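Participant: For reference, the structure I am asking about is given below.
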There are 2 protein chains.
Amino acid sequence: MAPAPSSAAEDAPAGGPPTVAGYFYVGGRYERVADKTVMVGQMFVQSRRPAAVTQPWPVVMVHGISQTGVNFLGTPDGRPGWAQRFVEKGFAVYIVDQVGRGRSGTNPEVYGPYARFSTRALEETYTAQELYDLFPQAKLHTQWPGGPGVQGNAAFDQFFASQVPYLAGAQQTEELVDPALIALLDKIGPAVLVTHGQAGLFGWAVSDARPDLVKAHVAVEPNGPPFFDVRLRGGKDFYEKSGDGRARAYGITRVPLTFDPPVKSPEDLVVMQAKAPAAEGRIRCWLQGEPVRSLPNLARVPAVIVTAEASFRTAVDDCTTAFLAQAGARPDSLKLAEAGLRGNGHMMMLEKNSDAVADALIGWIAARPR
Amino acid sequence: MAPAPSSAAEDAPAGGPPTVAGYFYVGGRYERVADKTVMVGQMFVQSRRPAAVTQPWPVVMVHGISQTGVNFLGTPDGRPGWAQRFVEKGFAVYIVDQVGRGRSGTNPEVYGPYARFSTRALEETYTAQELYDLFPQAKLHTQWPGGPGVQGNAAFDQFFASQVPYLAGAQQTEELVDPALIALLDKIGPAVLVTHGQAGLFGWAVSDARPDLVKAHVAVEPNGPPFFDVRLRGGKDFYEKSGDGRARAYGITRVPLTFDPPVKSPEDLVVMQAKAPAAEGRIRCWLQGEPVRSLPNLARVPAVIVTAEASFRTAVDDCTTAFLAQAGARPDSLKLAEAGLRGNGHMMMLEKNSDAVADALIGWIAARPR
C-alpha cells in the first residue's frame, strides 16, 4: 500500500480568522467495572466562538458514524471548516465527539464491540460514488477535493486518517449519545442542532425530549429511510431492503419517541410501503399506515432536512421528510441542487464548496420559524 | 456513585484571547486487516497559532499515559491551558493525540490490548497524593483546583472524564508514536518538543533520530527512573523496584538509542545502582556502570527536565538527569520549587498555577543554548 501523504492538509490555510476556543465534558457518571472505578457516558465538547457573538442561539454540531468532531474543524484539503464559517457568521459553536469515540474515550467493556469502515465502503458511498455507480445520483458527484476520493487522493487519505471505530450496537449508540446531548443542552441552554447522517437519530430524540431547548434541527442527510435499512446495488432496481425486521423501531429512531396516541411498543406503529416512488431515482418509502400517529413534540421544533445532489441519501431523504410530515412535524426540505449547489456527496462539509453549503444552512437558520 | 458534574469547566473563561486553529494527520499507512483496508499509525495533530508568530520555533506538545491533547487545551476548572499561554507568547503550537488514542483512533486489532487507570490510581499519584502519602513529597501537594483531586471534586471529575484507554504494550507504544512524531517534525521542520510523563520516552527517541530538528526538549517529569520501574508504598523505604527485568532496556527508552561505542543489544549496557540517594527523599539511581557509553545525538539537543515539588516523580527525576549527564547529554534541571512554584503535582498543566508553570518553561526556552 502507498503511504498516506502526511502533508495533505496544511496548517496555515486551515486557520482562517481568529476565534476563541474551549472545551468541557458532559454526561459522565462513575461506575465500577471489574476492579476499577471508571467513568462511563462522558462526552467531549469543544467550543469556538467569535470575539462578538451576534446570533441568538449557539449551534451544536454532531458528527455521524465513524467520524469525530474533526469533520467540522477543517477540510481534508486544508481549508477552514464549518465551525469556522459559523463562527464568522456570529455563532457560538459546540462540537462533540460522540460518547465512546475520539476524545470522549472508548470503553468496549461497557459499551460493547466496535466496528469500522474499510476504504472501499467509504469510497463507494461517501467520496468516490461516481466510480462505483451504486445509486442513481452517484454519477453527479463532482465536489470531492482533487477528484474522486479514493486511496491516494490526498484529501481522501487525510479524511480516512480521521475515521475511528464506532460502536457496533446501533441501539446502544442512541442510548449513550442521546442523554449526553440532553445534558449538553441542559447546561448551555437553547441551541440549534446541526446533525449529520447517523446523528440525525440523536437530533430527533433530543428534539422530542427537549422541544423547548432545541430551537431548530438542521438534519443533514439524516440516518434513514424510516423503519428499514436499504442496501444499494446499482442498476435499475438500485436498492433492496436489508436486515431482518425494522432497523429503526420508531421510524426515525431506535429509542421511543412521544407519539400521540401513545405507543406501548414499536408494533403499535403500522408500517406500509408506498406503491411507487415519489419521483424517479427515489425509493418507495415506508411510512405509517392507519391509524397514523402524530409526533407532537417534534412538531414544535423547526427542522430542515438537507440533501445533497449526488449522495447515497439523495434517494431516501424525502421518505424521512414524508414520515415527519405525516406525523404533523412538517420539516422543511433543503435540496442543495435547487439552491444551485451541485455535485455534492454525503460528506459535504469536507467538499470543495463546503463554505457555500454552510451558508445555505445558515440562511435557513436565519429564516426559520421563531 | 455520584454523577460527575457536567458544568465543572465553563466555556467562556476557558477561551482567552482569540487564536488561529487547524489540524491535520501525520504518519498513517494503509494496511489490510482481516477483510478490510484500514489505516494504521496515523496521528491527529491540532494546531493553534497567534495572529503574529514571534518565536523562532513552534512548540510540539505531547501528552502522557491515559491522556490526550486535551491536557493542553484548558484546565479542568475552566481556565485557558498551556496551548493558549504559549500562543499568547508568540509560539505556534502543535498538540497531538498519541497514535492509537483520542482522535488518532483506536485499533486494538493491530495495536494490541488497551489498559486504563482507575480513579484510585490517579488520586494516589496525580491529583490527591497528600491523602495517600505514598512518597516523601506527597504532603506538599497544594495546587489541585478546589483541594485534593478526588471523586466529587469538580475539577477531578472533569479531568477523569478526559482519561482514555491507552495501549497496554509499552514497547508497542514507543514503536507507534516515535515514527509519527518524526513524521510531524519532517513535515513542520525544526521545533521545540514539550513532553509530559510517558511522552518523555518519545522525546528522547525523536531527539536521537532528528537532533537537527529538535531545537530543544522540555521533558516535564519524564517517564523514569532509568532502567527500572519503581512501586511507591510510602513510609521510610517508600519505594521498591517493580517488574521483572529492565522496564526501559536502553535506560530512558525501550527502543534503541544511538550509543557510542555502539550497543548490539541492551545487555551491552552495564547497569549499577548508586550506593545512596543523592539527597533525602530520593531513590538510589540506576546508572551505567563501566564502560559508560555516551549518547552523542542527545548531547546535541538542548534539554531540560522539569520537576514539580510534590509529584511522584520528584524522587526519581534526578536519576534521569544523572543518566543523561553521565552519557554526555547534560540536560538542565528545572525544579519548580526553586523557581518559587510550590506544591505542584505531576499534572501541573492543569493545576491552579498552570500559567506560572508555563511561563517557567517559556523562560527556559528563551534562554536555552542556540
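Participant: How would B:Val263, A:Val62 line up from fewest to most surrounding beta-carbon atoms within 10 angstrom?
Facilitator: B:Val263, A:Val62
Participant: Same structure, new question: Identify which of A:Val271, A:Val110, A:Val220 has the largest mean-square fluctuation in a Gaussian network model of chain A, with springs joining Cα atoms closer than 10 Å.
Facilitator: A:Val110
Participant: Take chain A, connect every pair of alpha-carbon atoms lying under 10 Å apart with a spring to form a Gaussian network, then pick out the residue of A:Ser311, A:Ser333, A:Ser118 with the largest mean-square fluctuation.
Facilitator: A:Ser118
Participant: When N is the residue count of segment B:222-354, what does its C-alpha Rg come to as a fraction of 2.2 N^0.38 Å?
Facilitator: Relative to the rule-of-thumb radius for its length, segment B:222-354 sits at 1.08.
Participant: Normalised by the residues of segment B:185-276, what does the relative contact order come to in percent, with Cα pairs under 8 Å and at least six apart?
Facilitator: Once divided by the residue count of segment B:185-276, the mean separation gives 23 percent.
Participant: Quick one: compute the contact order of segment B:40-159, relative version, from alpha carbon pairs under 8 angstrom and 6+ residues apart, as a percent.
Facilitator: 25
Participant: By count of other Cβ within 10 Å, fewest leading, how are B:Lys215, A:Lys187 ordered?
Facilitator: A:Lys187, B:Lys215
Participant: Using only DSSP helix segments of four residues or longer, with each worth -39500 (n - 2.57), what per-residue ellipticity at 222 nm results for chain B after dividing by its residue count and rounding to 500?
Facilitator: -6500 deg cm²/dmol
Participant: Using modelled backbone amide H atoms (1.01 Å from N, in-plane), which distant-in-sequence or interchain residues come within less than 5 Å of A:Ala168's amide H?
Facilitator: It is A:Tyr114, A:Ala115, by chain and number.
Participant: I've got another one for you. Where the centroid of each part is defined by its Cα atoms, how far is segment B:272-288 from segment B:152-186 in Å?
Facilitator: Cα centroid to Cα centroid, the span is 29 Å.
Participant: Separate question: Could you point to the residue in A:Gly41, A:Tyr132, A:Asn223 farthest towards the positive end of segment A:11-367's charge dipole, with +1 and -1 charges on the Cβ of Lys/Arg and Asp/Glu respectively?
Facilitator: Farthest along the dipole direction, towards plus: A:Gly41.
Participant: Using every pair of alpha-carbon atoms in the protein assembly as shown, split the distances into 10 Å bins beginning at 0 and state the percent of pairs per bin, rounded to integers.
Facilitator: P(r) over the protein assembly as shown, rounded to whole percents: 3, 15, 25, 25, 17, 9, 5, 2, 0.
Participant: Then there's this: Shortest first, in nm, what separates the label point of B:Gln273 from those of the same position in the other copies (7 Å along Cα→Cβ)?
Facilitator: Counterpart label points of B:Gln273 in the remaining copies fall at 7.4 nm.
Participant: Measure up B:Lys187/B:Lys352; A:Lys187/A:Lys352; A:Lys89/A:Lys187; B:Lys236/B:Lys335; B:Lys36/B:Lys264; A:Lys335/B:Lys36 against 28 Å on the Cα-Cα distance and list the ones that go over.
Facilitator: Correct reply: B:Lys187/B:Lys352; A:Lys187/A:Lys352; B:Lys36/B:Lys264; A:Lys335/B:Lys36.
Participant: Please order A:Lys264, A:Lys139 by the number of other Cβ within 10 Å, starting at the fewest.
Facilitator: A:Lys264, A:Lys139
Participant: For peptide A:95-108, what's the mean number of Cβ atoms from other chains within 10 Å of each residue's Cβ?
Facilitator: Partner-chain Cβ atoms within 10 Å, mean over residues of A:95-108: 4.
Participant: Relative contact order for segment A:11-367 using alpha-carbon pairs under 8 Å, separation at least 6, rounded to a whole percent?
Facilitator: 17
Participant: Let me ask you something else. Count charges around A:Leu341 for me, please; just the other residues with Cβ under 11 Å from its Cβ, Lys/Arg as +1, Asp/Glu as -1.
Facilitator: Its environment carries a net charge of -2.
Participant: Of B:Gly152, B:Gly81, B:Gly69, which has the largest mean-square fluctuation in a 10 Å C-alpha GNM of chain B?
Facilitator: B:Gly152
Participant: Just the C-alpha atoms of segment A:11-367: what Rg/Rh do they give, with Rh taken as the Kirkwood radius?
Facilitator: Rg/Rh: 0.94.
Participant: Please compute the average number of Cβ atoms from other chains found within 10 Å of each residue's Cβ in peptide A:113-119.
Facilitator: 4
Participant: Considering every residue in A:38-51, what mean count of other chain Cβ atoms within 10 Å of its Cβ is obtained?
Facilitator: The shielding value for this peptide is 5.
Every number in this text was worked out from the coordinates using simple rules, so none of it is lab data. Computed from a prediction, not measured in an experiment: that's the story for all the values here. With ideal geometry, Cβ positions are generated from the backbone for all residues, glycine too; neighbour counts draw on all protein chains shown.
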